[in-house]
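**Student:** What follows is a structure written as structure tokens; I'll ask about it next.
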Amino acid sequence: MRFVLAAAAVLAAFTAAVFAMPAGAHVATPGPQCGGTLWKEMTLSDTTNKTVVWSPTATTIPDIAKLSAPAKIAATRTTSFQKHVWKVHSVIERYRQASNGELVLELFDVPSSTYMNAYLPASQCLPTKARGRSQMLGARNAFVSGCPAPTNDWQMLGATADMAGVGFWNPVKTTMGALKNGAELRPLVSLNITQGCGKF
């Protein structure tokens, strides 16, 4: 009986600690953890999502790497990079699934040897009001339907793809493949594997 009560107390304390954490705080245990200060922007469900120019603009990872990040990254879109859909052709060197189900793609530009990250959101973290929700889910399906199932660990891939995504400034630059300026394509709204994952 004492063991049962002790276990219940530990569980209650752990649950309270998790819910007391600030939004966006890192939790080591994998699980559905949608939310955070910039979550709405990452899922195109923010109040400024209508300012995004939906017609893709062609660019390259090296050009994105040259951009200057804003002095302060807010929960609203304040730069041209955040207000456009950018199309790139790149190698997807490796990928993994985050604790909230989001897929992290590490991109690699061969000519410049430059890395960058792009993200495919999970359906459970996409509000019904998110702009381009069907396109985001379509891009994710295009990836998971042909490539090996994602896991929590990084997997090498080496596939080549055309993809388009909305510009996003990430204040956290410690993720593998992150650009020094924090620029990402997040979320991706289209993805087409041109070589790899069963395509030759």
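**Student:** Quick one: dipole size for region 33-195, taken about the Cα centre, charges +1 on Lys/Arg Cβ and -1 on Asp/Glu Cβ, in debye to the nearest 20.
**Tutor:** Approximately 540 debye in magnitude.
**Student:** Would you work out which of Thr76, Thr57, Gly182 lies farthest towards the positive end of the dipole of region 33-195, given +1 charges on the beta-carbon of Lys and Arg and -1 on that of Asp and Glu, about the Cα centre?
**Tutor:** Farthest along the dipole direction, towards plus: Thr76.
**Student:** Ok, one more. Determine the dipole magnitude for region 115-200: charges of +1 sit on the beta-carbon of Lys and Arg, -1 on that of Asp and Glu, nothing else is charged, the reference point is the Cα centre, and the result goes in debye to the nearest 20.
**Tutor:** 260 debye
Only the coordinates and a few stated rules stand behind these numbers; no lab work does. Being a predicted model, the structure only gives us computed values, none of them experimental. Note: ideal-geometry Cβ built from the backbone for every residue, glycine included; neighbour counts use all protein chains shown.
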